[in-house]
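Comments concern the structure below.
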Amino acid sequence: MKILLINPWIYDVASFDYWLKPLGLLILARKLHESGHELQLIDCLDRYDPDLIQYIGKPIKSKWNGTGKFYSEKVKKPPQMSHIPRYFKRYGLPKPLFEQKLKDLIESGFKPECTFVTSAMTYWYPGPFEAIKTVKRIIPGTKMFLGGNYANLMMGHSKRSGADFVCKKSKMSEVLDFLNSHGISIKENFQKESDLIPLYELYNHPMSHLVFLSSLGCPYKCTYCATPFLQDFVQEEPARLVEAIDRYATMFKVKNIAFFDDAILINHQKHFDQILHKMIDSGIKQRGIMVHIPNGIHAKLLKKSTAELMMQANVKTIKVALETIDPKLQASTGGKVTNEDFYRAISLLKEAGFTKDEIAAFIMINLPGQGFKEVIEAHDICRDLNILPEINEYTPIPGTIDFQRIFGDNQLPVGFDPLLLNNTILSFSWDKGLTIEEIELIKNYNKKVISEIKNGGFDR
Ligand code: B12
Ligand code: SF4
């Protein structure tokens, strides 16, 4: 069967390509490929798409670490956001180019019987909606499937997408069962959960970075997080993963590899340490390849040996998940970290040779029950430790305990559009957390501390 896969645009007030790749869709693509289906991919967020480069008429720039700006266009703000003093933009391929790609596919003889659209953040739903509408217009008759995080977390709302079928399952075995029951045959009896290697062959040009998951899910259960119920905890086999990293890094000439795991350090002796050993043996550093771990690591689980291996494997980005320094809030949200765990992890990383340019601490702001002063103090701790504080604004995620605490239900109140859950603009619509002014003060303080550390800090 011919299946078209689409990673849609991001509609947001701000967005940046922090090593994004549609991993779920690409992992699923491998199963479809192995089941004999013929696939094509349109990735609206592929900054290195040769047609895009030709369209904008200048070479694509990336930072030293492979991240970079998306092409973007201002679009009309939806009425639900009229009270928000920010521009609304569509990030990714220009609309006419997307339409042209669909027409080119048909002309080349690839008329998809089914089209799969993925979705990431709940509040990015206009991207999949627009993609579905456009495909239906240009390729009438193709069966539209919607899946991914938004569809899984907002099952009710995603019925409005225009898709013919919405996949509400996120675990691979259940997704495959869903596809089978909708007439898309899936080869039986092949490893269902733990094959996490994306089908990168769907791209056909050099890129700045590649992303991998060495594991899915997380055994912790934080009250603000959806990961534990979205995925069971599984780990990829280290040798298979490193073989794939090696092969794809060569194929796409990339100098940056990112791991998007939620819980990369679980069972580290048999898992991440082995991956690092194998990457070191494959000469990753000598080949000039840098490794980034942009999802926060568990401070509690970091060992001296892993920190040293990360150094040898040319890891250049490590985020340590601190979130809050209030011991009560740390405990009541799931107990994944204590201040002692955090201090210990930072000193292990520094002893292994990591510098202030490589280590950052994730600090949440606006967690339910979190105060203004506490966030400022967390910044002061980072300044004392000489590591960069990176703020993550809280977003309530449907299905989590904190979402229910906030809204008293697992549904959004009538009139509260999912667009307003966007962490960057939430405080314009949710008045029970920090005020807009407090958040502004924190952001300014964050910039000040970062600038002090970057300009005056010293490594100790
Ligand atoms: C990697 C990741 C990121 C990356 C990149 C995200 C991206 N767009 O690719 C980075 C680090 C940038 C990121 C950032 C953030 N993230 Co994040 N992230 C993840 C994470 C850990 C993994 C996503 C993933 O690859 N999953 C694995 C794949 C296999 O799952 P999947 O995509 O759902 O695919 C499966 C199925 O859905 C299906 N499928 C997929 N597509 C399709 C399509 C069809 C048609 C079908 C049939 C099936 C199908 O196939 C797969 C089978 O297993 C998830 C947690 C999670 N476990 O999902 C959080 C998660 C998505 N992130 C979350 C959050 C909160 C954030 C942040 C807001 C954090 C913060 N406070 O700052 C930021 C902000 C992002 C932004 N505004 O830019 C939340 C969701 C938020 C929301 N409201 O939607 C999640 C769920 C984690 C959580 N904390 O609960 N994130
Ligand atoms: S440790 Fe991280 S990934 Fe695991 S449940 Fe907590 S926030 Fe989510």
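The values are calculated or read from the model by the stated rules, or taken from the named source; none is laboratory data. Everything numeric here is computed off the predicted structure, so don't read it as measured data. Every residue, glycine among them, receives a Cβ derived from its backbone with ideal geometry; neighbour counts consider all protein chains shown.
Can you list residue pairs whose Cβ atoms sit under 8 Å apart, with the first residue in the stretch 293-316 being more than 13 Å from residue 271 (Cβ to Cβ) and the second being surrounded by fewer than 18 Cβ atoms within 10 Å (Cβ to Cβ) and among the polar types (S, T, N, Q)? Count only pairs 6 or more apart in sequence or on different chains. Listed pairs, sorted by first residue: 300/338.
Of the strands (runs of 3 or more DSSP E) lying entirely inside the stretch 66-134, the ones with 2 or more residues being closer than 25 Å to residue 54 by Cα and among the charged types (D, E, K, R) are found at 72-75, 88-91.
The residues of the stretch 30-57 that are among the aromatic types (Phe, Trp, Tyr) and touching a residue at least 60 places away in the same chain (Cβ under 8 Å) amount to a single one, 48.
With respect to the conditions (1) within 16 Å of ligand 1 (Cβ to nearest atom); (2) within 23 Å of residue 212 (Cα to Cα), residue 302 lacks only one, and its number is (1). Against the criterion of being without any contact (Cβ under 8 Å) to a residue 40 or more places away in the chain, outside any helix (DSSP H, G or I) and under 25 Å from residue 11 (Cα atoms), residue 409 does not qualify. Could we say that residue 16 is of a type in the set (Phe, Trp, Tyr) and in contact with an Asp or Glu (Cβ under 6 Å, 6 or more places away or on another chain) here? The answer is no for residue 16. Residue pairs whose Cβ atoms lie under 7 Å apart, separated by 6 or more positions or on different chains, with the first residue in the stretch 5-29 and assigned by TED's automatic domain parsing to the domain that holds residue 42 and part of a helix (DSSP H, G or I) and the second of a type in the set (Val, Ile, Thr) and more than 6 Å from ligand 1 (Cβ to nearest atom), are 23/211. Of all residues in the stretch 58-71, none are touching a Leu at 6+ places or on another chain (Cβ under 6 Å), touching a residue at least 40 places away in the same chain (Cβ under 8 Å) and among the polar types (S, T, N, Q). Scanning the stretch 200-221 for residues that are over 18 Å from the mean Cα position of the chain (by Cα), part of a loop (DSSP other than H, G, I, E, B) and either within 15 Å of ligand 1 (Cβ to nearest atom) or touching a residue at least 12 places away in the same chain (Cβ under 8 Å) (or both) gives 203, 205, 206, 219, 220, 221.
For the stretch 360-384, the set of residues classified as out of contact with any strand residue (DSSP E or B) (no Cβ under 6 Å at 6 or more places or on another chain) and either surrounded by fewer than 20 Cβ atoms within 10 Å (Cβ to Cβ) or free of Cβ contacts under 8 Å to residues at least 24 places away in the same chain (or both) consists of 368, 369, 371, 372, 373, 374, 376, 377, 380, 381, 383, 384, listed by residue number.
Residues that are at pLDDT below 95 and either of a type in the set (A, V, I, L, M) or part of a strand (DSSP E or B) (or both) within the stretch 366-382 comprise just one, 367. Of the residues that make up the stretch 228-237, is at least one within 16 Å of ligand 2 (Cβ to nearest atom), under 29 Å from residue 347 (Cα atoms), assigned to a loop (DSSP other than H, G, I, E, B) and not assigned by TED's automatic domain parsing to the domain that holds residue 64? Yes, the stretch 228-237 contains at least one residue that is within 16 Å of ligand 2 (Cβ to nearest atom), under 29 Å from residue 347 (Cα atoms), assigned to a loop (DSSP other than H, G, I, E, B) and not assigned by TED's automatic domain parsing to the domain that holds residue 64.
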